[in-house]
Amino acid sequence: MTTDAPRRLRVLAAMSGGVDSAVAAARAAEAGHDVTGVHLALSENPKSFRTGARGCCTIEDSHDARRAADVIGIPFYVWDLAERFREDVVEDFFAEYEAGRTPNPCLRCNEKIKFAALLDKALALGFDAVCTGHYATIVERPDGGRELHRASDMAKDQSYVLGVLDDQQLAHAMFPLGDTLTTKAEIREEAARRGLFVAKKPDSHDICFIADGDTQAFLAKRLGRAEGDIVDESGTKVGTHEGAYGFTIGQRKGLRIGTPAPDGKPRYVLDISPVDNTVTVGPAESLDVTALTAVRPRWCGAAPTGPGTYTAQLRAHGGETEVTADLVEGELRVTFAEPVRGVAPGQAIVLYDGTRVVGSATIATTDRARAVA
């Protein structure tokens with residue numbers, strides 16, 4: 001009795017220069033696929049990024065990716081997507097902050113670059129799939145469709161930033177690291193066994209196009225400094241700032257308020273108004289959100305019909321919370337079983353049914369347990 005051998009695919013492995021994407025490419029090649037490595041040149045001037053930068057867009061990273069591909073024994077190319085990245089990710093980042101919202105550029109990059117621009121080019125060149133080092137799992141349904149699920153190890157799960165992928169993109173996605181219960185230390189050990197010198201390379205942090213990690217300075221350079229008022233819930237001025245875009249809902253540190261609150265408790269950013277350049281602060285309990293409306297929903301499969309109960313994740317490293325959600329006139333209406341804090345317009349909400357990713361949407365408005373004046 002014979003069994004059908006797994007189909008050999010032409011795979012384009014996106015290699016950032018880090019350990020995860022290198023091991024993912026190596027595993028895809030070891031599985032018998034015809035793998036080609038590609039590094040995405042996303043910075044318009046990568047040489048300006050010094051060694052030790054916190055992201056993954058430095059010139060050194062492209063060299064690291066090339067050396068890893070040489071060890072694996074696969075062809076390697078560098079593709080210049082800097083202009084597309086600037087238009088779809090960086091410009092969107094500026095626009096969202098200027099509008100008083102808090103964007104997630106990693107989701108935007110996955111949606112617009114890695115699984116749109118890159119995937120489109122890969123398919124046009126005859127590749128079957130794009131492989132990345134994300135920790136997530138793809139499950140094949142009996143009908144041949146594909147579902148996106150959390151990684152086997154919840155501690156490393158990255159399905160939140162992949163919640164923007166649709167059916168077409170999932171059909172051509174490959175995540176070799178997602179279905180194995182291995183710690184990051186074991187991934188590094190595997191890289192070392194394979195002779196990949198990136199085994200000891202530190203992980204990238206923060207936002208890849210902000211080399212030093214100083215988001216506020218990065219925004220100020222583009223948007224300029226604009227002094228405005230910091231007010232409490234009653235509208236009383238308690239301080240000043242140099243640009244409302246430098247704050248996020250739920251922020252506690254860096255408010256530089258000289259006068260303490262009457263009750264002596266910490267104050268948090270409750271609201272950001274770009275129209276009058278005002279930041280409102282108040283107590284933690286005023287951050288409690290009971291419901292929200294989200295726009296531009298994207299579904300990892302068919303859109304839900306009627307209201308349903310799900311769990312939701314509101315940030316990349318956040319936990320799950322139980323919600324009821326319904327699609328009403330193209331907008332997602334979500335009600336929380338228990339109030340949650342730190343929910344900001346511009347962030348993504350990702351819905352789950354067990355471990356399955358149902359879809360995602362961008363938070364537009366929130367309902368507070370206590371209304372902000």
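Structure notes:
- Filter result for Thr305 (assigned to a strand (DSSP E or B) and open to solvent by 10 Å² or more (accessible area, probe 1.4 Å)): no
- Qualifying position, being in a loop (DSSP other than H, G, I, E, B) and out of contact with any helix residue (DSSP H, G or I) (no Cβ under 7 Å at 6 or more places or on another chain), among Ser234, Ser286: Ser234
Here is a yes/no grid of residues against (1) surrounded by fewer than 24 Cβ atoms within 10 Å (Cβ to Cβ); (2) at pLDDT below 90; (3) of a type in the set (A, V, I, L, M, F, W, C):
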| site | (1), (2), (3) |
| --- | --- |
| Arg7 | yes, yes, no |
| Arg10 | yes, no, no |
| Val23 | no, no, yes |
| Ala26 | no, no, yes |
| Ala29 | yes, no, yes |
| Asp34 | yes, no, no |
| Ser48 | yes, yes, no |
| Arg54 | yes, yes, no |
| Glu60 | yes, yes, no |
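- Listed by first and then second residue, the pairs with beta-carbon distance under 7 Å, at least 6 apart or on different chains, first residue in the stretch 36-49 and outside any helix (DSSP H, G or I), second at pLDDT below 70, are Leu42/Cys57; Ser43/Phe49; Ser43/Cys57; Phe49/Cys57.
- Positions within the stretch 153-163 being within 13 Å of His134 (Cβ to Cβ) and open to solvent by 10 Å² or more (accessible area, probe 1.4 Å), in sequence order: Asp153, Lys156, Asp157, Gln158, Val161
- Ala217 vs. criteria within 16 Å of Tyr97 (Cα to Cα) and outside any loop (DSSP other than H, G, I, E, B): yes
- Residue count, the stretch 316-339 (criterion: farther than 14 Å from Gly359 by Cα, in contact (Cβ under 8 Å) with a residue 24 or more places away in the chain and open to solvent by 50 Å² or more (accessible area, probe 1.4 Å)): 3
- Within the option set Ile230, Ile257, being in contact with a strand residue (DSSP E or B) (Cβ under 6 Å, 6 or more places away or on another chain), of a type in the set (A, V, I, L, M) and at pLDDT below 90 holds for one residue only, Ile257.
- Taken across the stretch 355-364, residues that are in contact (Cβ under 8 Å) with a residue 12 or more places away in the chain, of a type in the set (D, E, K, R) and closer than 19 Å to Asp166 by Cα do occur, with at least one present.
- Hits in the stretch 177-208 - residues which are more than 19 Å from Arg150 (Cβ to Cβ) and open to solvent by less than 50 Å² (accessible area, probe 1.4 Å): Glu190, Ala191, Gly195, Leu196, Val198, Ala199, Lys201, Ile207, Cys208
- Residue within the stretch 349-367 that is closer than 22 Å to Ala155 by Cβ and among the polar types (S, T, N, Q) present: yes
- Taking the criterion of being surrounded by 11 or more Cβ atoms within 10 Å (Cβ to Cβ) and among the charged types (D, E, K, R), the residues of the stretch 248-270 that qualify are Arg252, Lys265, Arg267.
- When Asp64, Asp70 are checked against the criterion of being open to solvent by 20 Å² or more (accessible area, probe 1.4 Å), at pLDDT 95 or above and in a helix (DSSP H, G or I), Asp70 stands alone in meeting it.
- Taking (1) open to solvent by 10 Å² or more (accessible area, probe 1.4 Å); (2) in contact with a helix residue (DSSP H, G or I) (Cβ under 9 Å, 6 or more places away or on another chain); (3) modelled with pLDDT of 95 or more in turn, Val350 satisfies each apart from (1).
- The condition (being in a strand (DSSP E or B) and either modelled with pLDDT under 90 or closer than 30 Å to Val238 by Cβ (or both)) is satisfied by just one residue among Val323, Val269, Val275: Val269.
- Cβ-Cβ contacts under 8 Å between residues 6 or more apart (or on different chains), taken from a first residue in the stretch 263-288 that is within 21 Å of Glu96 (Cα to Cα) and of a type in the set (Phe, Trp, Tyr) to a second residue that is in a strand (DSSP E or B) and open to solvent by less than 60 Å² (accessible area, probe 1.4 Å), are listed as Tyr268/Val281; Tyr268/Gly282.
- Some residue of the stretch 175-189 being more than 30 Å from Gly301 (Cβ to Cβ) and outside any helix (DSSP H, G or I): yes
The values are calculated or read from the model by the stated rules, or taken from the named source; none is laboratory data. Since this is a predicted model, take the numbers as computed values, not measurements. Every residue, glycine as well, gets a Cβ built from its backbone with ideal geometry; the counts of neighbours run over all protein chains shown. Each accessible area value is taken on the protein alone, full model and side chains, heavy atoms only, with ligands, DNA and RNA left out. Shrake-Rupley method; radii C 1.70, N 1.55, O 1.52, S 1.80 Å.
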